[in-house]
Amino acid sequence: MTTPAWLQLPRFQTAVARTLLLGWVLARVARAEGTPVRAYNLTWRSTNFKTILEWKPKPINYVYTVQISSALGDWKSKCFSITDTECDLTDEITQDVYQTYSARVLSLLPKNSNNTGFVGDPLYRNSPEFTPYLETKLGQPKIQSFKQVGTKLNVTVQDTQTLARGNGTLLRLRDVFGKSLSYTLYYWRASTTGKKTATTNTNEFLVDVDKGQDYCFLVQAETPSRKANKKSPESTIQCTRQEKGVFRQMFLIVVAVILIIIIALILSLSLHKCRKAKAGQSGKEGSPLSIA
């Protein structure tokens, strides 16, 4: 028996309503879980081989996992399921700072309640290639020691410890770059602004200066053989202080003079007391005896 059309209409409306309701529920679930967005603006930030990969955007209800690979290696996962937008990859790139590395950032929905893995296929973005030896920035150098003696100024630059490794040990900046790393010394008399320069591919300077004059100086590291990031920031300015020696000598002279004056006063008072005591005794001996 055929159902009349006027009875079929409510069933059709019910089916449509159910479909719309199911779509609304699915949309709410998808919004709650979040929709992964492909990472962008992948950038390497590296100084003295301390290396961090950065990217955008900040995730909303999804997570990132980072993978890195050398030119000859397989992908290794780092920074699992993070909501940050950076990942420290120093441990990987410092094993061999001469290699070229690639990284990629995977955008993933978090694991579901049944813990059966990540929902959906991950979106990912590849980073530019990165060669630490050629691209890491040089950090600000530090003065280890300085001394001015007569007409010579000796300046020693600290050999910075890095996180790069060789034969199982941490390497210093000089160990990595060797003679390719040079330092430039800028120095000038404290009373003037005209600068002189000196360059060395070691960590020490010995330059001629005017005797008795104070000098200020700073140093800057450089790797001339590299195409980019050749120069470091300049070190802080430091100055010699010749006047400290003069003030010290003057201070010692003043102290000696004061001590001499104090000693002279003490001796003078002692002599005065002795004379007074002797005069008193002489007076008693010269007086006539009284007659009872």
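The values are calculated or read from the model by the stated rules, or taken from the named source; none is laboratory data. In this text, all values refer to a predicted model and were calculated from it rather than measured experimentally. Every residue, glycine among them, receives a Cβ derived from its backbone with ideal geometry; neighbour counts consider all protein chains shown. These area figures cover heavy atoms from the full protein model, side chains too; ligands, DNA and RNA do not enter into them. Shrake-Rupley method; radii C 1.70, N 1.55, O 1.52, S 1.80 Å.
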**Request:** Sort out for me the strands (runs of 3 or more DSSP E) sitting completely within segment 46-147 that have 1 or more residues that are touching a helix residue (DSSP H, G or I) at 6+ places or on another chain (Cβ under 8 Å) and under 22 Å from SER232 (Cβ atoms).
**Result:** 50-56
**Prompt:** Here are some residues: LEU181, LEU218, LEU206, LEU171. Which one is more than 27 Å from THR240 (Cα to Cα) and aliphatic (A, V, I, L, M)?
**Reply:** LEU171
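Got a sec? Which of THR236, THR199 is in a loop (DSSP other than H, G, I, E, B), closer than 30 Å to THR136 by Cα and touching a residue at least 12 places away in the same chain (Cβ under 8 Å)? Spell out the reasoning first.
Numbers: THR199 fails: in a loop (DSSP other than H, G, I, E, B).
Of the residues listed, the single one that is in a loop (DSSP other than H, G, I, E, B), closer than 30 Å to THR136 by Cα and touching a residue at least 12 places away in the same chain (Cβ under 8 Å) is THR236.
Suppose we filter ASN154, ASN61 for residues that are more than 30 Å from ALA228 (Cβ to Cβ) and in contact with a Leu (Cβ under 6 Å, 6 or more places away or on another chain); which single one remains? Don't jump to the end; show me each part of the working.
On the way: ASN61 fails: in contact with a Leu (Cβ under 6 Å, 6 or more places away or on another chain).
After applying the criteria, what remains is ASN154.
Out of the residues in segment 202-230 that are assigned to a loop (DSSP other than H, G, I, E, B) and of a type in the set (A, V, I, L, M), state the one that is farthest from LEU134 (Cα to Cα).
Applying the first criterion (assigned to a loop (DSSP other than H, G, I, E, B)) to segment 202-230 yields 202-203, 209-214, 223-230.
Right, trim to of a type in the set (A, V, I, L, M) and you get 209, 228.
On the way: VAL209: 36, ALA228: 7 Å.
Residue satisfying both the conditions and the ranking: VAL209.
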**Prompt:** Would a scan of segment 170-191 turn up a residue that is at pLDDT 95 or above, among the charged types (D, E, K, R) and touching a helix residue (DSSP H, G or I) at 6+ places or on another chain (Cβ under 9 Å)?
**Reply:** no
**Message:** Criterion first (modelled with pLDDT under 95 and open to solvent by 70 Å² or more (accessible area, probe 1.4 Å)) does ASN126 satisfy it?
**Reply:** no
**Request:** Kindly indicate which of GLN249, GLN220 is of a type outside the set (A, V, I, L, M, F, W, C) and at pLDDT 95 or above.
**Result:** GLN220
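Looking at this structure, is THR184 in a strand (DSSP E or B) and crowded, with 19+ Cβ neighbours inside 10 Å?
Details: in a strand (DSSP E or B): yes; crowded, with 19+ Cβ neighbours inside 10 Å: no.
So THR184 fails the test.
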**Request:** Give the residue that is least open to solvent (accessible area, probe 1.4 Å), with candidates limited to residues of segment 51-76 that are without any contact (Cβ under 8 Å) to a residue 40 or more places away in the chain and among the β-branched types (Val, Ile, Thr).
**Result:** ILE68
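So in segment 148-165, with the set limited to residues that are hydroxyl-bearing (Ser, Thr, Tyr) and under 15 Å from the mean Cα position of the chain (by Cα), which one is surrounded by the most Cβ atoms within 10 Å (Cβ to Cβ)?
Our first condition is that a residue be hydroxyl-bearing (Ser, Thr, Tyr); within segment 148-165, this holds for 151, 156, 160, 162.
Retained after the next criterion (residues that are under 15 Å from the mean Cα position of the chain (by Cα)): 160, 162.
Details: THR160: 19, THR162: 24.
Of everything passing the filter in segment 148-165, THR162 is surrounded by the most Cβ atoms within 10 Å (Cβ to Cβ).
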